[in-house]
Amino acid sequence: MATILSVSGSPSATSRTARLLRHLDDRLTAHGHDVIPLDVRTLPAEALLHADFRHPAIIEATALFERADGIVIGTPVYKAAYSGLLKSLLDLL
């Protein structure tokens, strides 16, 4: 089956968004897919903000995106936009 990258753009470790994504991960796994969770908040802030493409954590995250057959992104909405944390990663990609 497919490899799915499940990306949480929430800055909070206990967010409802992350819980929803993990529930979805379980459902996808139950249907035979390989799911790889990625919490953007675990990536080094300095590497994200400075667009350090050579940082090992950024290289690894980029490889996860390249390897995935599908991507699910969950983020809380702040003032009608996705989180700045997620924006930092998407800009870097």
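The values are calculated or read from the model by the stated rules, or taken from the named source; none is laboratory data. If you're wondering where the values come from, they're calculated on a predicted model, not measured in any experiment. A quick note on method: Cβ atoms are made from the backbone with ideal geometry, for glycine too, and the neighbour counts reach across all protein chains shown. The area values use the complete protein model at the heavy-atom level, side chains included, leaving out ligands, DNA and RNA. Shrake-Rupley method; radii C 1.70, N 1.55, O 1.52, S 1.80 Å.
Go through the stretch 7-41 and give me each residue that's touching a strand residue (DSSP E or B) at 6+ places or on another chain (Cβ under 9 Å), in contact (Cβ under 8 Å) with a residue 12 or more places away in the chain and open to solvent by 60 Å² or more (accessible area, probe 1.4 Å).
Selection gives Ala13, Leu20, Arg22, Leu24, Asp34, Pro37, Arg41.
Do you know which residues across the stretch 56-93 are closer than 16 Å to Pro11 by Cβ, among the β-branched types (Val, Ile, Thr) and either touching a Phe, Trp or Tyr at 6+ places or on another chain (Cβ under 7 Å) or surrounded by fewer than 16 Cβ atoms within 10 Å (Cβ to Cβ) (or both)?
Thr75, Val77
What are the pairs, 6+ residues apart or on separate chains, where a residue within the stretch 64-90 that is more than 21 Å from Leu28 (Cβ to Cβ) has its Cβ under 7 Å from a residue that is modelled with pLDDT of 90 or more and open to solvent by 100 Å² or more (accessible area, probe 1.4 Å)?
From the stretch 64-90, the pairs are Ser88/Leu49.
Condition (residue is out of contact with any helix residue (DSSP H, G or I) (no Cβ under 6 Å at 6 or more places or on another chain), loosely packed, with under 13 Cβ neighbours inside 10 Å and small (Gly, Ala, Ser)) applied to the stretch 43-55: is it met by at least one residue?
yes
Please give the helices (runs of 4 or more DSSP H) falling wholly within the stretch 16-81 in which 2 or more residues are more than 18 Å from Leu92 (Cα to Cα).
Working: elements: 16-30, 45-49, 56-67.
Result: 16-30.
Can you find even one residue in the stretch 47-60 that is within 10 Å of the chain's Cα centre (by Cα) and at pLDDT 95 or above?
Of all residues in the stretch 47-60, those within 10 Å of the chain's Cα centre (by Cα) come to none.
No; the residues of the stretch 47-60 include none that is within 10 Å of the chain's Cα centre (by Cα) and at pLDDT 95 or above.
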